[in-house]
Structure formats: C-alpha cells, structure tokens
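Student: Here it is: the structure, laid out below.
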Amino acid sequence: MNAASIYRTLIESYGKPRWWSDDPFTVMFQAVLVQNTSWGNVERTCQGIEHLIDPESVLEMDEEALMEIIRPCGFYRAKSKTIRSLADWYHARKDSIPDSSTEALRTELLALKGIGEETAGAILVYGFHRPMFIIDKYTRRFLKRLGLSFAGDAERRAFFRETLPDDAEIAGYLHWLLLEHCIQCCRSTPLCPGCPFAHSCRKGDER
C-alpha cells in the first residue's frame with residue numbers, strides 16, 4: 001500500500017477528524033501535557049482553565065501554581081519548565097513566525113528542553129500549519145505491521161510525501177487518524193477483527 005491508499009482507507013473508516021485547536025499556544029501547552037499520558041487526562045486538566053492558556057498568563061503565573069494545575073498529566077515539574085520555556089519563546093517570536101522557515105522554527109523548538117521530534121512536529125503542523133508528517137511510535141508500529149521497512153523516520157516521512165500532498169491539513173488529519181486506528185485496532189496486542197487493514201497486514205495474516 002502507498003501513503004495515499006492508507007490515508008483514503010483511514011478517512012473511509014473513521015471519517016474526517018477534528019483539528020487540534022485554532023490557538024497556537026493551546027497546541028503547544030497540550031502537546032507538552034500529552035507526553036507520556038492519555039489525551040483524556042489532557043482534556044480534563046485543561047477544562048475550565050482556557051483563560052490561563054496563553055504565554056503571558058503562564059509567564060506571570062507562580063511556578064508552583066502551574067505545576068499544581070498540570071499535576072494530573074504526570075511529570076509536572078519537567079513539563080512546567082518546558083511550558084514556561086515555550087511561553088517565553090512564543091512571546092518573543094510570535095510576530096516573526098509567519099516570516100520564518102519551517103526548518104528554522106523546528107530547530108528552535110528542538111533546542112528547548114523537553115521538546116522532541118514528535119512534539120515539535122505537532123506544534124509545527126497544528127499550531128503553525130506547516131506541512132510535516134509526524135512520526136510517532138504508533139506510526140512506526142502500524143507501518144511495520146504492513147510489512148513496510150524503513151531505515152529511520154526520515155524515510156518514513158519520505159514515504160508519506162511520495163503520494164500525499166505537502167499539505168499541513170492532510171498531515172494533521174493523518175496523524176489523528178493513525179492515532180485513532182491504533183487506539184481502536186492496531187494496539188500493542190492488535191484487535192484484528194474489523195480492522196480495515198486486516199488483509200494487508202502481517203498481524204492480520206498471522207491470525
């Protein structure tokens with residue numbers, strides 16, 4: 001299967017997903033919170049504090065208060081420092097981001113402690129609408145089960161770029177769809193019955 005057929009099958013199976021958020025800093029804030037925790041925890045944590053999720057409020061907030069707010073998402077000490085670093089960076093760079101290249105923004109984000117490849121990719125795609133295919137553990141597992149072998153994430157991104165447009169919306173939808181598929185079917189112990197890829201997947205063949 002090529003990337004276009006994978007995307008088409010996901011859309012047909014799960015429908016068009018929602019976008020993350022229209023507010024860039026909300027994307028940043030939640031992208032840090034979701035590290036090593038469930039999306040449900042993030043949603044519960046952010047419910048009712050929307051007025052605090054902006055860089056100015058975070059920078060004015062007492063660090064202990066921020067840690068207490070995000071405590072349910074785990075690793076709250078490290079995550080609070082990362083969120084504050086992001087707030088400081090975004091406060092300084094906000095006006096110049098539209099004129100900055102995607103690679104420059106990616107380099108700056110990765111230089112912040114606590115921001116890895118996946119989190120930086122999510123911020124670029126959902127926060128700044130930059131075209132970039134996000135590779136995470138779910139994507140790697142899914143592609144491997146389809147029998148597709150890659151030397152690294154750069155090759156995985158190239159696979160998606162071969163047959164999909166270089167478009168931020170498609171990259172964002174693909175990420176959500178793969179996440180949904182891996183929650184529904186392609187778990188660490190897969191649930192193959194009803195999987196839309198069962199006849200193309202090695203795990204499906206084994207079962």
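Nothing in this text is a laboratory measurement; each read-out follows from the coordinates by a stated rule. None of these values were measured; they are calculated from a predicted model. Reconstructed Cβ throughout: ideal geometry from the backbone, glycine too, with neighbour counts over all protein chains shown.
Student: For the chain, what is the calculated [θ] at 222 nm in deg cm²/dmol (nearest 500), taking -39500 (n - 2.57) for each run of four or more DSSP H residues and dividing by its residue count?
Tutor: Counting only the DSSP helices, I get -17000 deg cm²/dmol.
Student: Another one. To the nearest 0.05, what FRET efficiency results for residue 151 and residue 51 with a Förster distance of 35 Å applied to their C-beta separation? Provide the component values of the computation, followed by the final result.
Tutor: Working: r = 46 Å, r/R0 = 1.31.
About 0.15, to the nearest 0.05.
Student: Which one, [x] 1.13; [y] 0.93; [z] 1.08, gives Cα Rg over 2.2 N^0.38 Å as derived from the coordinates shown?
Tutor: Computed from the coordinates, Cα Rg over 2.2 N^0.38 Å corresponds to [z].
Student: Turning to a different aspect of this structure: Run the quick spin-label model on residue 184 and residue 75: label points 7 Å from Cα toward the beta carbon, then report their separation in nm to one decimal.
Tutor: Label-label distance for residue 184 and residue 75, simple model: 2.8 nm.
Student: What full-extension length gain, to one decimal in nm, is calculated for residue 108 and residue 200 as 0.36 nm per residue of separation minus the Cα-Cα distance?
Tutor: Details: separation 92, 0.36 × 92 = 33.12 nm, distance 3.92 nm.
Taking 0.36 nm per residue and subtracting the Cα distance, the gain is 29.2 nm.
Student: Still on this structure, please answer the following. Return the distance in nm (one decimal) between the two label points of a simple spin-label model at residue 94 and residue 9, each offset 7 Å from Cα along Cα→Cβ.
Tutor: The answer from the label model is 4.4 nm.
Student: Specify whether the C-alpha gyration tensor of segment 127-188 places it in the rounded, prolate or oblate class, a ≥ b ≥ c being the square roots of the eigenvalues: rounded for a/c under 1.5, otherwise prolate if a/b is larger than b/c and oblate if not. Write down the numbers at each step before the final one.
Tutor: Working: a/c = 2.12, a/b = 1.25, b/c = 1.69.
Since a/c reaches 1.5 but b/c is at least a/b, the shape of segment 127-188 is classed as oblate.
Student: Report, in debye and to the nearest 20, how large the dipole of the chain comes out about its Cα centre when Lys and Arg carry +1 and Asp and Glu carry -1 on their Cβ.
Tutor: Roughly 1160 debye for the chain.
Student: Between segment 123-200 and segment 1-22, how many Å separate their Cα centres?
Tutor: Distance between centres, Cα-based: 9 Å.
Student: Could you give the dipole magnitude of segment 24-127 about its Cα centre, charging the beta-carbon of Lys and Arg +1 and that of Asp and Glu -1, in debye to the nearest 20?
Tutor: 340 debye
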